[in-house]
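Remarks on the structure that follows.
The values are calculated or read from the model by the stated rules, or taken from the named source; none is laboratory data. All of these numbers come straight from a predicted model, not from anything done at the bench. Glycine also receives a Cβ, built like all others from the backbone with ideal geometry; neighbour counts cover every protein chain displayed.
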Amino acid sequence: MKINKIKEMSSPELEKELGELKTELFKLKFSLATNGLENPMKIKSVKKDIARINTVLTERKIAEKKGEI
């Protein structure tokens, strides 16, 4: 997922997407442990997407706090 697409999404949408990605990551790790994956690099890309979403959510929280002070 591209960062531009992530920044366009609202915070509730991002939190929903984050939950879905964490579920997908769990399934990928489980699949890797049990029978192997065709594309193990998929785990890396899902982890990066999770990190991107967490970064955008954190940036928004910081900007929100700065606006309150």
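Descriptive notes on the structure:
- Total residues in region 1-44, condition among the hydroxyl-bearing types (Ser, Thr, Tyr) and either surrounded by 12 or more Cβ atoms within 10 Å (Cβ to Cβ) or under 24 Å from Glu64 (Cα atoms) (or both): 3
- Region 13-38: number of residues that are of a type in the set (A, V, I, L, M) and either within 23 Å of Leu57 (Cβ to Cβ) or modelled with pLDDT of 95 or more (or both): 5
- Members of region 12-69 found to be polar (S, T, N, Q) and in contact (Cβ under 8 Å) with a residue 24 or more places away in the chain, listed by number: Asn54
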